[in-house]
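The values are calculated or read from the model by the stated rules, or taken from the named source; none is laboratory data. From a predicted model like this one, the values you see are computed outputs, not experimental measurements. Backbone-built Cβ (ideal geometry, glycine too); neighbour counts: all protein chains shown.
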Amino acid sequence: MGISKNSTMKSITKIYIDGEYVTPHSTEMLDLISPVTNEKVGEVRLGDEVDTNAAVVAAKRAFLTFSKTTKGERIGYLEKVRNAVIRHKQALADVMVEEYGGVRSFCTMVVENAVNDINAMIDTLKNTDLQKQIGHSRILLEPVGVVGIIIPWNMSNGFIVTKLSTSIAAGCTAVVKPSEMSAQQTEVMIQCFHEAGLPKGVVNFVNGLGNVVGAELTRNPGVNKIAFTGSTVVGKTIAKGAVDTMKRVTLELGGKSPNIILDDAKLEEAIPTAIGISFLNSGQACAAGTRLLVPQSKLKEVNAIAKKFVEGIKVGDPKFPDTMVGPMVSAKQYSRVQEYIKLGLEQGATLLVGGEGKPEGLEAGNFVKPTIFTNVKNDMRIAQEEIFGPVLSIIPYKDEEEAIALANDTTYGLCGYVSSGDKERAYRVAARIDAGRICINGMTHDSKVPFGGFKQSGIGREYGEFGLEAYLEPKALMEP
């Protein structure tokens, strides 16, 4: 398969606090492992509670003046961040491919979206009135304070840009805890923010473990808000910890998103598109449409199209532009996906394509065979639990009402998808899905449109005016 090996050993020994690259207090080192070869490619020195507190102190100090900046000044800083990201676009995409095995097309899209996110937040801030009049009262929208930003590995720099651009727009300061598995990606992103010349302490980065750095951010009284993207399990832990100091929280959590193919959809187009949505980021995406709901009467035709399409998918080295499915981020994640494939077989789902084990020629890395189960019942664990790998469940339905009921029969509610030859019909169905974002006839992204979950997929929204509001506190000035 022509898997290339990285001969350069990377050592990351600095974190970023108060505008400076500093050596962490902790001496703990973590190995960085290539998901393509499972060889060590580097190491990162982790921060601890002492480092985290130092970053919070710097952010609190910076907040005293940064919170008083004008909209124009914040827009100027955001423009500098955007320009730095644009300068490093290639490096940002390359390091995603190298570090966690994201396929080239996805990583390029993430970086482009990051630039769009900053532009959208600049535009949002320009059009947001931070002082309003309601009756005889004056309403001030003030920055919430120091924000603790906790980020997963699967789209690390994209999440960092989204949250930090919103934080800066609001006049907040921040401490970012990236995933410990994203140290190389974070290093490039730190360079972007450093080059932007933000005032010292406005943005700080501390590499470290979730139960160390993340836990300190959650309990530290100097932090006023937590913005987290990650699993529902961890999100619940953060929410419980944050309540002790009444921190505001924005939680963007897991998903088990339904994709309803209505009976008037063009299957030759809708099914390959649906599989692409399911295998987004090699299936390692909270927005992946991993439950494909199809008419019972068309199940045989759907199965034939799906099987043929998946058998033509290229799995392998994510560096190549035509690779659609790369490796899982770690051996642990590979094992998790394998357990779910085994579980699907045990619970009686029909294996259409893929299955257990690694694709031929890719035994060294964390590669999973793109897998589709069909005739899946919605109460099976593979249809209810987030797998985070290239595993799709095809679930047949009798009629439109049952399709909607099945779509909503989940503890999650992050995204949804509807395909139909009749756009208005698709909108009517989409409006009845309990999810924060529903796409019609494909997948799209809009950096001004709210993103976040119903039910156990999260609390709050990100992007645009809805995202900005979450970083602002309304203050009413009143007179008799």
- line: The strands (runs of 3 or more DSSP E) lying entirely within the stretch 20-111 that contain at least 2 residues which are within 30 Å of Gly222 (Cα to Cα), outside the structural domain of Lys319 (by TED's automatic domain parsing) and hydrophobic (A, V, I, L, M, F, W, C) are 29-33
task: Scan the stretch 204-230 for residues that are in contact (Cβ under 8 Å) with a residue 40 or more places away in the chain, not in a helix (DSSP H, G or I) and not hydrophobic (A, V, I, L, M, F, W, C) and report the count.
output: 9
task: Quick one: Ser26 ticks every box in (1) touching a residue at least 60 places away in the same chain (Cβ under 8 Å); (2) within 21 Å of Lys200 (Cα to Cα); (3) more than 26 Å from the chain's Cα centre (by Cα) except a single one, so which number is it?
output: (2)
task: Residue by residue through the stretch 221-235, note down the ones that are under 17 Å from the mean Cα position of the chain (by Cα) and surrounded by fewer than 17 Cβ atoms within 10 Å (Cβ to Cβ).
output: Ser231, Val233
- prompt: Picking from Ala430, Ala435, which residue would you name as being touching a residue at least 24 places away in the same chain (Cβ under 8 Å) and among the hydrophobic types (A, V, I, L, M, F, W, C)?
  reply: Ala435
field: the stretch 152-176, residues that are hydrophobic (A, V, I, L, M, F, W, C), over 30 Å from Val329 (Cα atoms) and not in a helix (DSSP H, G or I)
entry: Cys172
statement: Counting only residues in the stretch 272-299 that are among the hydroxyl-bearing types (Ser, Thr, Tyr) and out of contact with any Gly (no Cβ under 7 Å at 6 or more places or on another chain), the one surrounded by the fewest Cβ atoms within 10 Å (Cβ to Cβ) is identified as Ser297
field: the stretch 47-68, residues that are touching a helix residue (DSSP H, G or I) at 6+ places or on another chain (Cβ under 7 Å) and buried (at least 22 other Cβ atoms within 10 Å of the Cβ)
entry: Gly47, Thr52
- request: May I ask you to say which residue of Leu198, Leu209, Leu262 is among the aliphatic types (A, V, I, L, M) and under 22 Å from the mean Cα position of the chain (by Cα)?
  value: Leu209
message: Looking at Lys342, Lys300, Lys307, can you tell me which residue is assigned to a helix (DSSP H, G or I), touching a strand residue (DSSP E or B) at 6+ places or on another chain (Cβ under 6 Å) and among the charged types (D, E, K, R)?
response: Lys307
- line: For Arg248, the lone unmet condition from (1) under 16 Å from Gly460 (Cβ atoms); (2) charged (D, E, K, R); (3) over 19 Å from the mean Cα position of the chain (by Cα); (4) buried (at least 24 other Cβ atoms within 10 Å of the Cβ) is (4)
query: What number goes with the only condition from (1) buried (at least 24 other Cβ atoms within 10 Å of the Cβ); (2) in contact with a Cys (Cβ under 7 Å, 6 or more places away or on another chain) that Gly254 does not pass?
result: (1)
- prompt: Restricting attention to the stretch 136-151, and to residues there that are part of a loop (DSSP other than H, G, I, E, B) and touching a helix residue (DSSP H, G or I) at 6+ places or on another chain (Cβ under 9 Å), which single residue is farthest from Asn204 (Cα to Cα)?
  reply: Val144
query: Take the residues of the stretch 383-397 that are part of a strand (DSSP E or B) and not hydrophobic (A, V, I, L, M, F, W, C): which is surrounded by the fewest Cβ atoms within 10 Å (Cβ to Cβ)?
result: Pro396
field: Subset of the stretch 315-352 (residues that are out of contact with any Phe, Trp or Tyr (no Cβ under 9 Å at 6 or more places or on another chain) and more than 23 Å from Asp379 (Cβ to Cβ))
entry: Asp317, Lys319, Phe320, Pro321, Asp322, Thr323, Ala331, Lys332, Ser335
message: Is it the case, given these coordinates, that Ile277 is in contact (Cβ under 8 Å) with a residue 12 or more places away in the chain, assigned to a helix (DSSP H, G or I), farther than 21 Å from Tyr471 by Cα and out of contact with any Pro (no Cβ under 9 Å at 6 or more places or on another chain)?
response: yes
- request: Could you pull out every one of the helices (runs of 4 or more DSSP H) wholly within the stretch 398-480 that has 3 or more residues that are in the same structural domain as Val234 (by TED's automatic domain parsing)?
  value: 464-469
query: Looking only at residues in the stretch 93-152 that are in contact with a Gly (Cβ under 9 Å, 6 or more places away or on another chain) and among the hydroxyl-bearing types (Ser, Thr, Tyr), which one is surrounded by the fewest Cβ atoms within 10 Å (Cβ to Cβ)?
result: Thr124
